[in-house]
Amino acid sequence: MNSRILSIDDSPTMRMLIRKALKEDEYEIIEAENGQEGLDLAQHEEFSLIFVDVNMPIMDGFSCVEGIRAMSQNRETPIVFLTTVNSKDKMEKGKTLGANGWIVKPFEPEPLRKLVKVMIKK
Ligand SMILES: [Mg+2]
């Protein structure tokens, strides 16, 4: 079975760019438009990796990650922030909440592919 990636971002363009960057690697990519949708998906489905934006309507990425980490089935799931936010304080906050990485947009496709390969232990 292909590894499943959850991509949480309110920007359709950004979700498309993530899909495009990873399209040759045959992951199954499931998308959510905000933190609440992402949280609901993480509650009911299993993912090998989760990408999450910071600024989103309804629920932001921090609350989303906090909620996901509180689920026993997602204590170890790799979570990477993918965001325009570039402040040290926010990155520190993300780390404290349990994120495994922080990528600042815009991203290059190749490093993203490599990062996913490293994070997903097949
Ligand atoms: Mg956003």
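Calculate the spin-label point distance for Glu108 paired with Ile58, positioning each point 7 Å from the Cα along the beta-carbon direction, and give it in nanometres.
Between Ile58 and Glu108, the label points sit 3.5 nm apart.
Please list, in order, the residues from the stretch 80-104 whose amide nitrogen is less than 15 Å from a point placed 7 Å along the Cα→Cβ vector of Val118.
The answer is 80-81, 100-104.
Let me know the shape class of the chain, please: from the alpha-carbon gyration tensor, a ≥ b ≥ c as square roots of the eigenvalues, rounded when a/c is under 1.5, otherwise prolate if a/b is greater than b/c, or oblate.
Rounded, because the longest to shortest axis ratio a/c is under 1.5.
Cross-link list Lys95/Lys121; Lys88/Lys117; Lys20/Lys121; Lys23/Lys90; Lys20/Lys114: which exceed 23 angstrom alpha carbon to alpha carbon?
Cα-Cα > 23 Å for Lys88/Lys117; Lys23/Lys90; rest within.
Treating only the Cβ of Lys, Arg, Asp and Glu as charged (+1, +1, -1, -1), what charge dipole size does the stretch 4-119 show about its Cα centre? Round to the nearest 20 debye.
Here the size comes out at about 440 debye.
Efficiency by 1/(1 + (r/R0)^6): what FRET value for Glu28 and Ala70, r their Cβ-Cβ distance, R0 = 22 Å, to the nearest 0.05?
In this case the efficiency is close to 0.35.
What value, in deg cm²/dmol to 500, does the helix sum -39500 (n - 2.57) over DSSP H runs of n ≥ 4 give at 222 nm once divided by the residues of the chain?
-12000 deg cm²/dmol
Assuming R0 = 30 Å, what is the FRET efficiency of Asp89 and Asp40, from their Cβ-Cβ distance, to the nearest 0.05?
0.60
Using alpha-carbon pairs under 8 Å, 6+ residues apart, how would you state the relative contact order of the stretch 4-119 in percent?
25 percent
Count neighbours as other Cβ atoms within 10 Å of each site's Cβ, and list the GluC sites (Glu not before Pro) in the stretch 1-53 that are DSSP loop with at most 16 such neighbours.
Qualifying residues, ordered by number: Glu26, Glu45, Glu46.
Using alpha carbon centroids, what distance separates the stretch 77-109 and the stretch 1-57, in Å?
Centre-to-centre (Cα) distance: 15 Å.
No lab work stands behind these numbers, since they all come straight from the coordinates. Quick caveat, the model's predicted, so the values are computed rather than measured. Note that each Cβ is placed from the backbone with ideal geometry, even for glycine, and that neighbours are counted across all protein chains shown.
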